There are 2 protein chains.
Amino acid sequence: MSASKRDQLVQRALTVFYRDGFHATGMDKIAAETGVSKTAIYKHFRTKDDLIHAVLRLRDEQFRNWLYRRMEELGDTPKERLLVAFDALAEWFEEDGFQGCMFIKAASEYQDREHPLHATAAEHKRLITAHFEGLAIRAGAKSPGTLARRLTLLKEGAIVAAHILGPKGVAADAKAAAAVLIEHGIGEEGQN
Amino acid sequence: MSASKRDQLVQRALTVFYRDGFHATGMDKIAAETGVSKTAIYKHFRTKDDLIHAVLRLRDEQFRNWLYRRMEELGDTPKERLLVAFDALAEWFEEDGFQGCMFIKAASEYQDREHPLHATAAEHKRLITAHFEGLAIRAGAKSPGTLARRLTLLKEGAIVAAHILGPKGVAADAKAAAAVLIEHGIGEEGQN
DNA sequence: ACTTATGAAAACCGATCAGTAAATGTACCT
DNA sequence: AGGTACATTTACTGATCGGTTTTCATAAGT
């Protein structure tokens, strides 16, 4: 199997796992829906968990690339970019097939914090918070780490709320709350 | 089986499902760990989903009772009580066996919003937000619904963060953010 | 003592689980 | 054409899934 075929497998497995969940999706379904036989899958991934791990790494890369790029496109200054993160989330929430955050679900199904898949989910969250913190620093926040963590809380809460209750208005609520926290953490004249 | 035996079954099933997840827990394990034979279980619950539904209803009742009581005990005024909700969360996060929010996990494993278990999870979240809103009204918030929804976002985000990254400092971050949002939404002199 | 309910336990059902081994193509080399 | 190496499919493993049927133990009624 070529490298691109492998990538295709992981990409398609991502779609299935995201749609149906991890434990609820058997390897037979993965084989059927990706068009790759089980034997071929197990040639590249020792176990189901290994495949899921590859899926999560791909998702991490895709999601963060998308979010960071969208934040750059929608905002001009670090401060603005922190705020428009919630506009990007709004776009995501409204997408067809939005089913919440894959990492929250992974952590929910693999609860033990020692579990490698849980750890991968945790790393994803840490990376996003770190990105926020970088922007908070450049925005002149008094306590960049604090502001970044607060915005992360709003982001996670918004994802959960959008998934459980539906997307309507959630991102807007979160953005408005974020604006308050950002003003409080930077002041009207953050040095962009 | 007496009513109290049934309650005991649901209570013990709750513990197992909360610890190990829904799909990952088979009915044989439930029978073994509750001490109630599968036959006896299926006399009272038509399906596994029915049992889980009973578990979620019990959890909803227990959790909200606990949270509301703790908010009353820790705060004297409506405004204070909104804030100390995050102290109550801190206590929960530090408990042995804390594994995140059962309803977030239920919604993660039963993703379709039409699914009855997902709907039960959604109702739980709505009830808590409604409780917040009642307090926000009595605290004299300018827009009680908005404030309640914002605090809910922080709460959900804090639960997710505490579960994925560990409890350390999460509730304190959320409380500090909540304080900012509450001050902004009420003003220094909310009429308690 | 013998029958008849009752309720729980044990055994079982087909389906599916993660994972593997054997069988079958298929492409390439000489 | 014949042989070799590799990829793919088919078929299978024992275990477990949610759920049901059968067996058994107990106890009350007569």
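The values are calculated or read from the model by the stated rules, or taken from the named source; none is laboratory data. No experiment lies behind these values; they were computed from the predicted model shown. Don't worry about glycine lacking a Cβ; one is built from the backbone with ideal geometry, like all the others, and counts go over all protein chains shown. Side chains are part of the model used for accessible areas, which takes the heavy atoms of the whole protein and leaves out ligands, DNA and RNA. Shrake-Rupley method; radii C 1.70, N 1.55, O 1.52, S 1.80 Å.
Overview of values
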quantity	calculated
Cα-based helix-to-principal-axis angle, B:144-165 vs chain B, degrees rounded to 10	50
The stretch A:173-185 - phi-based ³J(HN,Hα) in whole Hz, Karplus 6.51/-1.76/1.60, Gly and Pro as x	4, 5, 5, 4, 5, 4, 4, 4, 5, 5, 4, 5, x
Value of [θ]222 nm, deg cm²/dmol, for chain A, DSSP H segments ≥ 4, -39500 (n - 2.57) each, nearest 500	-25500 deg cm²/dmol
Degrees separating the helix B:116-138 axis from the principal Cα axis of chain B, which is the longest one	30
Heavy-atom accessible area, 1.4 Å probe, ligands and nucleic acids excluded: residues of the stretch B:1-32 down by at least 40 Å² from chain alone	B:H23
With every protein chain in place, the stretch A:53-186: carbon and sulfur % of accessible area (1.4 Å)	50
Estimated buried accessible area (total), pair B and A, 1.4 Å, Å² to nearest 100	3400
Portion, in percent, of the accessible area of the stretch A:1-45 that falls on carbon or sulfur, probe 1.4 Å	50
Those residues of the stretch A:71-103 whose amide nitrogen sits under 14 Å from the label point placed on A:L127, 7 Å along Cα→Cβ	A:102-103
Members of the stretch B:124-155 that become less accessible by 50 Å² or more once partner protein chains are added (1.4 angstrom probe, chain alone as reference)	B:R150, B:L153
Gain upon complete extension [B:D49, B:D7; 0.36 nm per residue less C-alpha separation]	13.5 nm
Cut-off 16 Å, label 7 Å out along Cα→Cβ of B:R113, residues of the stretch A:96-114 by amide N	A:96-101
Space enclosed by the convex hull of the alpha-carbon atoms of the protein assembly as shown, per residue, Å³	142
When the convex hull of its Cα atoms is projected in every direction, mean area for the stretch B:48-186 (nm²)	8.2
Candidate lysines for bridging to A:K48, where Cα separation is under 27 Å - those fewer than 8 sequence places away on the same chain excluded	A:K5, A:K29, A:K38, A:K105, A:K125, B:K29, B:K48, B:K105
Solvent-accessible heavy-atom area per residue, rounded to whole Å², over the protein assembly as shown at 1.4 Å	43
Acute angle (nearest 10 degrees) that the helix A:48-74 long axis makes with the longest principal axis of chain A, alpha-carbon atoms	30
Loop-located trypsin sites (Lys or Arg not before Pro) in the stretch B:1-95 whose Cβ has at most 14 other Cβ within 10 Å (DSSP)	B:R46
Given chain A, longest segment not containing exposed loop GluC sites (Glu not before Pro) (DSSP; at most 16 other Cβ within 10 Å)	A:1-94
